[in-house]
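One structure is given here, and the rest of the page talks about it.
The values are calculated or read from the model by the stated rules, or taken from the named source; none is laboratory data. This structure is a prediction, so every number in the text was calculated from the model and none was measured. So basically every Cβ, Gly included, is an ideal-geometry build from the backbone, and we count neighbours across all protein chains shown. Side chains are part of the model used for accessible areas, which takes the heavy atoms of the whole protein and leaves out ligands, DNA and RNA. Shrake-Rupley method; radii C 1.70, N 1.55, O 1.52, S 1.80 Å.
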Amino acid sequence: MKRTPLIKELTAIMGREAVLSRPEDLMLYEYDALSALRTPDAVVFPTTTEQVVRLVKLAADQKTPIVPRGAGTGLSGGAVVTEGGIVISLARMKKILEIDLESQRARVQPGVVNTDLSLAVADGGFYYAPDPSSQKACTIGGNVAENSGGPHTLAYGVTTNHVLGLEVVLPDGEVIRAGGKCWETPGYDLTGLLVGSEGTLGIVTEITVRLMRRPEAVETMVAIYDRVMDATRTVVAITSEGITPAALEMMDGFTLRAVEQATHAGYPMDSAAVLLIEVEGLGEAVSEQARQIEAVCGRNNVRAVRRAKTPDERALFWKGRKNAFGALGRISPNYYVQDGVIPRTRLPEMLEYIEAVGRKYDLRIGNIFHAGDGNLHPLLMFDARDRDQSQRVVKAAQEIMGRCAELGGSITGEHGVGVEKNELMPLIFSEDDLEIQRQIKSLFNPSGLFNPGKVLPTGKMCGEIRVQVGSGA
Amino acid sequence: MAIAADVVRAGFAGIVGESQVLYGEPACAGLRVDGRLPRCVVYPTSAEQAAQVLKFAAENGLAVIAIGGGSKLGIGNPPQKYDVALCLRDMKKTLHYEPADLTAGVEAGTTFQEFQDLLRRDGLWLPLDPPGRERATLGGIVAANASGPLRQLYGTPRDMVLGMRIATTEGKVVKTGGRVVKNVAGFDLGKLLIGSFGTLGVIVEVNLKLFPIPAERETFILSAGTLGIARDLRRRILNSPLEPARLVLLDAEASNLIRPVASLDSAAREPEIWVEASGSKAVIDRTRKDLEELGRAVGAKVQLSDQEGSRASWRLIADFSNWFHVTSPESLVLKGTMPTAHCEEFLSLAQQEAGNEKVKVTSITQVGVGIMVLGLVGSNGANPMVPLVTRLRKSLEKLGGALTVIAAPVEFKEQVDAWGTPGSGLKMMQKLKAAWDPKGILAPGRFVGGI
Ligand SMILES: Cc1cc2nc3c(=O)[nH]c(=O)nc-3n(C[C@H](O)[C@H](O)[C@H](O)COP(=O)(O)OP(=O)(O)OC[C@H]3O[C@@H](n4cnc5c(N)ncnc54)[C@H](O)[C@@H]3O)c2cc1C
C-alpha cells in the first residue's frame with residue numbers, strides 16, 4: 001500500500017494523536033540502543049488490545065511488516081525496521097491491571113516500565129525480580145520479548161522464570177491467552193515459548209508476573225583487585241564453593257575508571273578490577289554468606305573488600321554499575337556492547353582471550369559483566385567515522401562470540417539475537433536445529449510480516465554482521 | 001491398514017539390534033498404559049537410534065509411547081492407540097559433568113536416583129522431589145515437568161533445564177538451549193517439550209543446572225485446628241522473611257497417614273502445616289523462633305520432627321499422588337492448581353461437595369505454590385465421581401485454576417477428560433502437534449484437547 005492511504009487507515013483506527021508519520025518524527029524510530037536501520041512508514045501507539053488487533057489485521061491485509069517496540073533500549077536491533085512497515089509502540093499501554101499481593105501476582109500491560117512495577121508494589125514489601133540495568137526505561141513487554149536478565153537474575157532467574165501468563169495478538173489477529181496466574185495450566189507451555197521470541201511470534205498485550213517479597217537483609221560489597229585474574233578466580237571460587245550471591249558483577253579497571261569519573265561511586269581509580277557482590281535473605285544467612293565471601297576474596301588476593309554501610313552507599317555502588325555503559329559512552333565516541341556466555345569456570349582464560357583480541361585488532365575493550373552467570377559484556381570502543389576501525393570492531397566481536405561458542409557457551413545471554421546475531425546462529429546450532437526453529441516461526445507467523453529479518457539467519461549475508469554499529473546510548 | 005508383524009520386527013531389529021526389542025505379554029506387562037498393552041518394547045541405546053525408531057514408527061503408522069521409569073504413565077487420557085513402548089532405560093550416560101560450574105548433561109534414561117548419587121559426592125543435588133522418584137528417569141521428569149514440595153524454594157524442571165536434545169518423528173535429533181546457565185539464542189523450544197508428556201518428540205538428553213546441598217534441614221509441624229487457621233498461618237508465613245524449602249498443608253486425613261511415619265505420637269484430628277527450613281544452623285534456629293511466634297499468634301502449636309522421621313515423611317508426602325492410588329486402585333487422584341489465595345477455600349469446598357456424595361477426601365497442598373493433590377475414595381463405587389469431579393473442576397476453573405486427573409480407574413478416565421477445559425491457546429497447540437508429529441503417532445489422544 002502507498003504510504004498516504006496507509007496513514008489514513010491507521011489514523012481511522014487510532015485517532016490522529018496516536019499516529020506518527022512526519023519524517024522528522026519517524027527518524028527517532030530508526031534506532032534502538034544498538035543500531036540504526038531503516039525509517040518506518042509509520043509509528044502507532046495503541047492503548048488497547050482491540051486496537052492492536054485492528055492494526056495487525058490491517059497490516060496483514062496490506063502485507064505490511066509490523067515491528068513491535070517497547071522503550072527501544074534493546075541491544076540487538078530487535079525493535080528497528082528492516083524493510084519498512086509499521087512500528088507498533090506499546091509505550092502507551094502502561095496500565096498495571098491487577099495487583100494480587102496475597103497470591104504474589106501482578107497483571108500488567110506491556111508498556112509498563114520495569115521499575116514502575118516494583119515501585120507500585122513496594123509498599124506491600126514486594127518487587128518484580130528481573131532487573132535489567134536499563135530498568136528505569138525498558139518495558140516489561142520488551143523484557144518478555146528479549147527474556148531479559150539483570151544483575152539479580154543470578155539468584156532468582158531471568159524473565160522467563162517470573163512470567164506466568166500472556167495475552168498475545170497473533171499475526172492473523174487472533175488473541176490468545178497462554179498460562180495465567182497459576183504456576184501450571186494444562187497444555188503446552190506457550191508462555192515459555194513466547195518469552196524470548198523477540199516480537200516475531202506475536203505481540204504481547206498483557207503479562208502476568210510473579211512478585212517476590214523483599215528480603216529482610218541485604219549486604220552489598222565491593223571487592224577490589226590489583227590483578228584481573230584474581231577477580232575472575234574469585235568468581236569461580238564463589239560458584240564452586242556453593243555460595244549463591246544475589247548478584248555478582250565484575251568491571252575491569254578501564255571500565256571502572258570511566259564509571260568512577262562519571263558517578264563518583266567510590267571505586268578506586270588505580271585498581272585492575274572490582275567485583276560488586278550482593279547477598280540477600282534472612283539476616284542470619286546474609287551475615288554468614290558475607291563472611292564466607294570475604295574469606296574467598298581474601299584467599300584470592302583481594303586488596304580490600306568494602307561493605308556498603310548505608311542504603312545510600314549501596315545505591316551509589318549500584319549506580320556505578322547500572323550506568324556503566326553510559327559512562328563509557330562519555331569517553332569514546334562509539335562503543336559496541338557484546339553479550340556472550342561461557343561456563344563460569346572459563347572466565348579467567350576468556351578474559352585473557354578478550355585482551356588478546358583487543359591487541360590483535362588494536363582496540364580498547366572494556367569488560368563489564370554478570371560474572372556469576374558467566375554472561376560477558378565486552379565493550380568495544382571505536383569511532384564510527386573511522387571505517388577501518390569500525391570493521392575491526394565487528395571482526396573482533398565475531399571472534400569473541402566464536403570463542404564463547406567453542407567453550408560450550410552461547411552467543412547471547414540476554415540481549416537477544418535480533419538483526420545483530422542472526423547470521424551467527426550457526427555458530428551454536430546445526431542446520432537441523434535451525435530448521436525446526438524456522439518451522440515454529442512459520443507456524444505462528446506464516447506470512448513473515450511480524451518483525452521480519454530477526455532471530456533466524458536470512459542467508460542473505462552469510463556470516464557477516466549487517467548492523468551499522470551505532471553510537472553508544 | 002495394519003503393518004505386517006515381520007516388517008515391524010525387521011524394521012526395529014535393523015535399528016536397535018534384535019536383542020533390544022521384546023515382544024509379547026511378559027516383556028510388556030509392566031508397560032501397560034490405562035490397561036493397554038503395546039505390541040513390543042524397543043530399547044534404543046543412542047539418541048540417533050531413538051530418532052530412527054520414531055521415524056520408522058511414523059512411516060508405518062505405529063503409535064509410540066516414550067517411557068522412562070514408567071512412574072507417571074497414569075497421567076493423561078487413555079491412548080487411542082499404543083503399538084510400541086520406546087523405553088529409554090539403556091540410555092543413561094553422563095555426557096558432561098562440571099561440578100565447579102554447577103552444570104551437568106545426561107542421557108534421558110539416567111535415573112533420578114543415580115544422578116543424585118553422582119552429585120552427592122560433590123555436595124550437590126538437583127533440588128526436586130517428584131513423585132515416583134525410585135523409578136523416575138530425568139527424561140521422564142522433564143517430560144512431565146514433575147516436582148514436589150521442594151518447588152516452594154527451587155521451582156520445577158522448567159527452571160533447571162538449560163538445554164536438551166530431542167528425537168523427532170522425522171528421524172532427526174535436534175538441539176535447543178545449551179549448557180550454560182544463561183542463554184537467549186533462538187526460540188526456547190525446550191519449554192514446549194517440558195511438560196509435553198512425550199507428545200511432541202522424545203527428549204533424549206538434558207542439560208541441567210545443579211545446586212549445593214544445604215547444610216542442615218529441620219521440619220516443623222504447626223497444628224492448624226481449622227482451615228481458617230491454616231489460611232491465617234499460610235498468610236503469615238508467606239508474608240514473613242522466612243524462606244521455607246517446603247511448605248505444605250496436610251488435611252486431617254493426610255496427617256493421620258503421614259504422622260506414624262514421622263514417628264509422631266497420636267493421630268492429628270486437624271489440618272497441619274508442615275514446614276521444612278534449610279540452611280545453616282543459625283537460619284534454622286531463626287526459623288524455629290519465628291514459627292513459634294507466628295503459631296502463638298493464631299493459637300497453633302509447633303512440633304519438631306526428628307531427622308529420620310521427617311525424611312521419611314517428606315518422601316511420602318512428595319510421593320502421595322503415586323502411593324495413594326496404588327494402595328486403593330478404586331481411588332482417584334487429582335491435581336488442582338490455583339492462585340495461592342484460594343487454597344483453603346477450594347479445599348473446604350471439595351471436602352463439602354465430596355462429603356455430600358459420601359466420598360472421602362485426603363489432600364496435601366503446597367500452599368505457597370498453589371498446588372493441591374487430592375485423593376478421593378468413594379463408598380459406593382465410581383458412580384458419584386464423574387459428576388463430583390466435573391463440578392469441582394468447574395468451581396476451580398472459576399477461581400482461575402485447573403483440575404487434572406493424575407490417576408484413576410480406566411472406566412473413569414473414559415468419561416472424564418484428564419486435563420480439563422483447554423484455553424484459547426488450544427488451536428496453536430494443535431498446530432504445534434501437527435508440525436512435530438504430523439502422523440499423530442506420539443501418545444495419540446493422551447494430552448490436552450485430544451492431542
Ligand atoms: C544501558 C543499557 C543497559 C542494559 N542492561 C541490560 C541488562 O542488564 N540485562 C538485559 O537483559 N538487557 C539489558 N539491556 C537491553 C534492553 O534494555 C533489554 O533488552 C530490554 O528488555 C528491552 O526493553 P525495551 O522495552 O526497550 O524493548 P525494545 O528495545 O523496544 O524492544 C526489544 C524487542 O522486543 C520486541 N517487543 C517489545 N515490546 C513487545 C511486545 N509488547 N510484544 C512483542 N514484542 C515486543 C521488539 O520488537 C524487539 O524485538 C540494556 C540496555 C541498555 C541500553
Under 7 Å between Cβ atoms, at least 6 apart or on separate chains: pull out the pairs that start in segment B:423-437 with a residue that is at the interface with another protein chain (Cβ under 8 Å from one of its Cβ atoms) and open to solvent by 40 Å² or more (accessible area, probe 1.4 Å) and end on any residue that is in a helix (DSSP H, G or I) and of a type in the set (A, V, I, L, M, F, W, C). B:K431/A:L443
Whether any residue in segment A:43-53 is under 30 Å from A:M381 (Cβ atoms) and surrounded by 24 or more Cβ atoms within 10 Å (Cβ to Cβ) is what I want to check. no
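Residue-by-condition table, conditions (1) open to solvent by less than 10 Å² (accessible area, probe 1.4 Å); (2) touching a His at 6+ places or on another chain (Cβ under 6 Å); (3) assigned by TED's automatic domain parsing to the domain that holds B:W274; (4) not hydrophobic (A, V, I, L, M, F, W, C):
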{"site": "B:F197", "(1), (2), (3), (4)": "no, no, no, no"}
{"site": "B:L200", "(1), (2), (3), (4)": "yes, no, no, no"}
{"site": "B:F220", "(1), (2), (3), (4)": "yes, no, yes, no"}
{"site": "B:G225", "(1), (2), (3), (4)": "no, no, yes, yes"}
{"site": "B:D232", "(1), (2), (3), (4)": "no, no, yes, yes"}
{"site": "B:R236", "(1), (2), (3), (4)": "no, no, yes, yes"}
{"site": "B:L242", "(1), (2), (3), (4)": "no, no, yes, no"}
{"site": "B:L247", "(1), (2), (3), (4)": "yes, no, yes, no"}
{"site": "B:E253", "(1), (2), (3), (4)": "no, no, yes, yes"}
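Go through A:G408, A:G413, A:G366, A:G372 for me and flag whichever is of a type outside the set (A, V, I, L, M), within 30 Å of A:V169 (Cα to Cα) and surrounded by 16 or more Cβ atoms within 10 Å (Cβ to Cβ).
Working: A:G408 fails: within 30 Å of A:V169 (Cα to Cα); A:G366 fails: within 30 Å of A:V169 (Cα to Cα); A:G372 fails: within 30 Å of A:V169 (Cα to Cα).
Step by step, each of A:G408, A:G413, A:G366, A:G372 is checked, and only A:G413 is of a type outside the set (A, V, I, L, M), within 30 Å of A:V169 (Cα to Cα) and surrounded by 16 or more Cβ atoms within 10 Å (Cβ to Cβ).
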Applying the selection to segment B:81-102, what residues are within 14 Å of chain A (Cβ to nearest Cβ) and either outside any strand (DSSP E or B) or touching a Phe, Trp or Tyr at 6+ places or on another chain (Cβ under 8 Å) (or both)? B:P99, B:A100, B:D101, B:L102
Cβ-Cβ distance below 7 Å, separation of 6 or more or different chains: which pairs start in segment A:196-208 with a residue that is over 21 Å from A:T48 (Cβ atoms) and β-branched (V, I, T) and end on one that is open to solvent by less than 10 Å² (accessible area, probe 1.4 Å) and more than 7 Å from the ligand (Cβ to nearest atom)? A:T200/A:N445; A:T200/A:F450; A:T200/A:V455
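Looking only at segment A:439-448, count every residue that is within 13 Å of the ligand (Cβ to nearest atom) and more than 16 Å from B:K433 (Cβ to Cβ) and tell me the total. Walk me through it before giving the result.
Start the filter on segment A:439-448 by keeping residues that are within 13 Å of the ligand (Cβ to nearest atom), which leaves A:444-445.
Filter again for more than 16 Å from B:K433 (Cβ to Cβ), leaving A:445.
Here the count works out to 1.
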Could you check how many residues of segment A:263-314 are open to solvent by 40 Å² or more (accessible area, probe 1.4 Å), within 14 Å of chain B (Cβ to nearest Cβ) and of a type in the set (G, A, S)? 1
For segment A:176-189, state whether one or more residues are crowded, with 24+ Cβ neighbours inside 10 Å, of a type in the set (K, R) and either within 15 Å of the ligand (Cβ to nearest atom) or in contact (Cβ under 8 Å) with a residue 60 or more places away in the chain (or both). yes
Meets criteria (over 23 Å from the mean Cα position of the chain (by Cα) and without any contact (Cβ under 8 Å) to a residue 12 or more places away in the chain) for B:G355: yes
For segment B:119-132, give me each residue that is within 18 Å of B:R315 (Cα to Cα) and part of a helix (DSSP H, G or I). B:R120
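Has segment A:31-44 got any residue that is in a helix (DSSP H, G or I) and away from the ligand (no atom under 13 Å from the Cβ)?
Initially, segment A:31-44 is screened for residues in a helix (DSSP H, G or I), giving none.
No, segment A:31-44 contains no residue that is in a helix (DSSP H, G or I) and away from the ligand (no atom under 13 Å from the Cβ).
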Members of segment B:257-284 found to be among the β-branched types (V, I, T) and at pLDDT 95 or above, listed by number: B:I273, B:V275, B:V283, B:I284
What single numbered condition from (1) within 20 Å of B:E276 (Cβ to Cβ); (2) touching a residue at least 60 places away in the same chain (Cβ under 8 Å) fails to hold for B:M338? (1)
The correct count of residues that are facing chain B (nearest Cβ under 7 Å), over 18 Å from A:T82 (Cβ atoms) and within 24 Å of the chain's Cα centre (by Cα) in segment A:413-432 is 4
Return the total of residues in segment A:442-454 being within 7 Å of chain B (Cβ to nearest Cβ) and buried (at least 19 other Cβ atoms within 10 Å of the Cβ). 0
Residues of segment B:337-372 satisfying the condition of being in contact with a Ser or Thr (Cβ under 7 Å, 6 or more places away or on another chain) and closer than 13 Å to B:E253 by Cα: B:L347
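So which residues in segment B:31-46 are part of a helix (DSSP H, G or I) and either of a type in the set (K, R) or exposed (fewer than 13 other Cβ atoms within 10 Å of the Cβ) (or both), if there are any at all? Steps first, please.
Taking segment B:31-46 first, the residues part of a helix (DSSP H, G or I) are B:31.
Within segment B:31-46, none qualify.
Residue-by-condition table, conditions (1) out of contact with any Leu (no Cβ under 8 Å at 6 or more places or on another chain); (2) under 18 Å from A:A155 (Cα atoms):
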site	(1), (2)
A:G253	yes, no
A:Y267	no, no
A:A290	yes, yes
A:V305	yes, no
A:N323	yes, no
Scope segment B:7-30; condition part of a helix (DSSP H, G or I) and open to solvent by less than 20 Å² (accessible area, probe 1.4 Å); matching residues: B:V8, B:G11, B:F12, B:V16, B:C28
